[in-house]
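Participant: One structure, as structure tokens, below. Some questions next.
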Amino acid sequence: MSMSTLKTPVMKNIAKRCYASKTASALSIKGPQVQTKKLPNNSLVVAVPDYPTKIGRVSVTFLAGSRYEDPENAGIAHLVRSSAGLSTELSSTFSIIRNLGHLGTNYYVSSDRETITYTIEAHKDNLVSSLKYFIESISNQSFKPWELSDNLKRLQYELLTIPPEVRVLDLAHKAAYRNTLGNTVFLPKYNIKKLGSEHLLYYVKKNFNNQNAIISSVGVDVETLVHISEDLNLPNGDASCTTKAKYYGGDLRKSKSLDATYLAVVGEGVSYKDSQSASFAVLQYLLGKGSSVKWGVGQGVLEQNILKANSSDNFAVSALNFNYSDSGLFGFLLAYNGKDVSNVLKAAVQSLRSPTVTETEVNRAKKQLIFSLVSASESSAGVLENITHQAVTSGQVIPFEKLIAAVEAVTVEDVKKAAGKVAGSKLSLAGYGNVATTPYLDNL
């Protein structure tokens, strides 16, 4: 099973391969038709049936991520994800794995702060046969105590192998939101043996219902998704309810015996459906997401300003832009392996608070963002991830042409307004690793 801990940034991965032709006004790019349908049982289905692929991909997503957890069951969404594929009421783990493997099917589950997503990938000739075990492993989970006990070692291994950059981003969310979107996406060690079968069954019963379900696909038509919804036979429960995410801002750090220092500095951003989301996406590329050329130096404002600080030690920096259903974070992630991170961090924070926003820089950022959109769209898996994320955060899917048009329409003033919102926000800082020389927020 795989896990996606971070929400997909705004306007990422959609449509089939497109070739851009520059006109006098804008780029002429068309994507595949996206079909959406709200079913009588309140489930939402989203499909891209005409994508040119021999592989059918289907995802069933529930609004059941870590933001819906209580303090008493912290990490239960992670445990649900890790328990996917275990025995159901009708099939054993061996039966599920053997039959899906025999059909050449990939089955994996991802979870993040808002959702838990079950995904199946198979050749279209074998997809219908695979759906039986896929549907069963979602709607008939039994969470047998002895299987959960056997799964503990794998769970502990997952926790031990979480990369430090992912850890620091988790801390940044905690510092920024405290609860809701600040809830950790990982199972805390104190809950590993505390949460059992009854907790899992209750959580799934509460959140896995038609009101919280989004069924999406690439290479599979809407009618097939309607049949999947019927076969899932989910209960008609209430929509997952949680307090609206509120940004607070704060400072969290965890010292570890690592050679490098991992830091995340973020301010309040925007939700996915906010009118400024395109401006924030352009601002992210203006600040920089690393080098576009292998072994090259990034063109972003962040990296250029750090280099001007005459740092002689190795570092890596990338702008961050998280967009959720009701809030967002914007900032940067910095890794540094020197003795004193102060000068590098101060240079990066200065770039975040007052970036150089010129017409040249904005045009560069827009071109890089559009290239990223078009190139990423070559993956049908990326298309599925994107339409699912859009359906979750906004209840609809924006056509690819409108995404490109939104980027093209961003002006220098729009980017300056986005930068001003971040600069006026109270910042949050998270540190992981060698944080002994890391300054506190009031010193930045």
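The values are calculated or read from the model by the stated rules, or taken from the named source; none is laboratory data. This structure is a prediction, so every number in the text was calculated from the model and none was measured. Every residue, glycine as well, gets a Cβ built from its backbone with ideal geometry; the counts of neighbours run over all protein chains shown. Ligands, DNA and RNA are stripped out before the accessible areas are found, and what is left, the full protein with its side chains, is counted by its heavy atoms. Shrake-Rupley method; radii C 1.70, N 1.55, O 1.52, S 1.80 Å.
Participant: Among (1) touching a Ser or Thr at 6+ places or on another chain (Cβ under 9 Å); (2) at pLDDT 90 or above, which single condition is Lys339 missing?
Facilitator: (2) is the only condition that Lys339 fails.
Participant: Any chance you could count how many residues in region 192-241 are over 23 Å from Ser394 (Cα atoms), in contact (Cβ under 8 Å) with a residue 12 or more places away in the chain and among the aromatic types (Phe, Trp, Tyr)?
Facilitator: Final tally of qualifying residues: 1.
Participant: Taking helices (runs of 4 or more DSSP H) that do not extend beyond region 88-184, which have at least 3 residues that are within 23 Å of the chain's Cα centre (by Cα) and more than 23 Å from Thr388 (Cβ to Cβ)?
Facilitator: Fully inside region 88-184 and qualifying: 152-160, 164-177.
Participant: Would region 418-430 turn up any residue that is among the polar types (S, T, N, Q) and either open to solvent by 40 Å² or more (accessible area, probe 1.4 Å) or out of contact with any strand residue (DSSP E or B) (no Cβ under 6 Å at 6 or more places or on another chain) (or both)?
Facilitator: No: zero hits.
Participant: Can you tell which of Gly219, Gly237 is farther than 18 Å from Asn41 by Cα and small (Gly, Ala, Ser)?
Facilitator: One residue alone meets the criteria, Gly219.
Participant: Within region 185-197, take every residue that is open to solvent by 20 Å² or more (accessible area, probe 1.4 Å) and in a helix (DSSP H, G or I) and give me the one that is farthest from Tyr440 (Cα to Cα).
Facilitator: Filtering first and then ranking leaves Ser197.
Participant: Within region 223-263, track down each residue that is β-branched (Val, Ile, Thr) and either at pLDDT below 95 or farther than 30 Å from Lys37 by Cβ (or both).
Facilitator: Thr242, Thr243, Thr261
Participant: Starting from region 276-299, take each residue that is over 21 Å from Leu329 (Cβ atoms) and open to solvent by 10 Å² or more (accessible area, probe 1.4 Å) and list its partners that are modelled with pLDDT under 95 and aromatic (Phe, Trp, Tyr), counting only C-beta distances under 9 angstrom and pairs at least six apart or across chains.
Facilitator: Qualifying pairs under 9 Å: Ser292/Phe371.
A quick yes/no check of all residues on (1) open to solvent by 70 Å² or more (accessible area, probe 1.4 Å); (2) more than 21 Å from Ser275 (Cα to Cα); (3) part of a helix (DSSP H, G or I):
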site: Lys346; (1), (2), (3): yes, yes, yes
site: Val407; (1), (2), (3): no, no, yes
site: Val410; (1), (2), (3): no, no, no
site: Glu413; (1), (2), (3): yes, no, yes
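Participant: Go over the candidates Ala319, Ala264 one by one and state the one that is over 30 Å from Phe62 (Cβ atoms) and open to solvent by less than 40 Å² (accessible area, probe 1.4 Å).
Facilitator: It is Ala319.
Participant: Looking for whichever is surrounded by fewer than 16 Cβ atoms within 10 Å (Cβ to Cβ) and of a type in the set (Lys, Arg) here; the options are Lys273, Lys308. Which one fits?
Facilitator: Lys308
Participant: Related question: Please go through region 48-72 and give me each residue that is under 20 Å from the mean Cα position of the chain (by Cα), over 15 Å from Lys205 (Cα atoms) and open to solvent by less than 30 Å² (accessible area, probe 1.4 Å), ordered by number.
Facilitator: Matches in region 48-72: Val58, Ser59, Val60, Ser66, Arg67.
Participant: A further question follows. Do you know which of the residues in region 105-118 that are out of contact with any helix residue (DSSP H, G or I) (no Cβ under 6 Å at 6 or more places or on another chain) and surrounded by fewer than 22 Cβ atoms within 10 Å (Cβ to Cβ) is farthest from Gly65 (Cα to Cα)?
Facilitator: Among those residues, the one meeting the criterion is Asn106.
Participant: Further question: Tell me which of these Ser379 doesn't satisfy, since it passes every other one: (1) modelled with pLDDT of 95 or more; (2) surrounded by fewer than 18 Cβ atoms within 10 Å (Cβ to Cβ).
Facilitator: Among (1) modelled with pLDDT of 95 or more; (2) surrounded by fewer than 18 Cβ atoms within 10 Å (Cβ to Cβ), the lone unmet condition for Ser379 is (1).
Participant: Please verify whether region 223-230 includes one or more residues that are open to solvent by 50 Å² or more (accessible area, probe 1.4 Å), closer than 30 Å to Asn151 by Cβ and outside the structural domain of Ala391 (by the TED database).
Facilitator: There is no residue in region 223-230 that is open to solvent by 50 Å² or more (accessible area, probe 1.4 Å), closer than 30 Å to Asn151 by Cβ and outside the structural domain of Ala391 (by the TED database).
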